[in-house]
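The values are calculated or read from the model by the stated rules, or taken from the named source; none is laboratory data. Computed from a predicted model, the values in this text were never measured in an experiment. Heads up, the Cβs are rebuilt from the backbone with ideal geometry, glycines too, and the neighbour counts pull from every protein chain shown.
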Amino acid sequence: MKNNNNKEEQQVQKQEFLFDAINYKILLIGIAVIALGFILMSGGGSKDPNVFNEDIFSFRRIRLAPTTVLIGFGITIYSIFKKSK
């Protein structure tokens, strides 16, 4: 009887992760790319609310940053769907 309890405790203690280590690495890379995209979007404000700043329409904020965020989301989705070997 005592032997069965020991086996059950060992099985409970040995838990497997949902993903492999490579999946987590790819996921962290995707999150970093998303964060980079949001950092690229920041800025462009004006200290005086009556003055319009044209920097909000720059290539970096309109094209590059949203594309970077979408690529980051694609990387994270890939890391979730990547099969273990």
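Overview of results
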quantity	calculated
Conditions (1) out of contact with any Ser or Thr (no Cβ under 8 Å at 6 or more places or on another chain); (2) surrounded by 10 or more Cβ atoms within 10 Å (Cβ to Cβ); number of the one not met by V33	(1)
Matching residues, the stretch 9-23, being of a type outside the set (A, V, I, L, M), surrounded by 10 or more Cβ atoms within 10 Å (Cβ to Cβ) and at pLDDT 70 or above	F19, D20, N23
Qualifying positions in the stretch 26-56 - under 15 Å from I77 (Cα atoms) and touching a residue at least 12 places away in the same chain (Cβ under 8 Å)	I26, L27, I29, G30, I31, A32, V33, I34
From F17, F59, residue being without any contact (Cβ under 8 Å) to a residue 40 or more places away in the chain and touching a helix residue (DSSP H, G or I) at 6+ places or on another chain (Cβ under 9 Å)	F17
In the stretch 29-67, the residues that are of a type in the set (S, T, Y) and in a helix (DSSP H, G or I)	T67
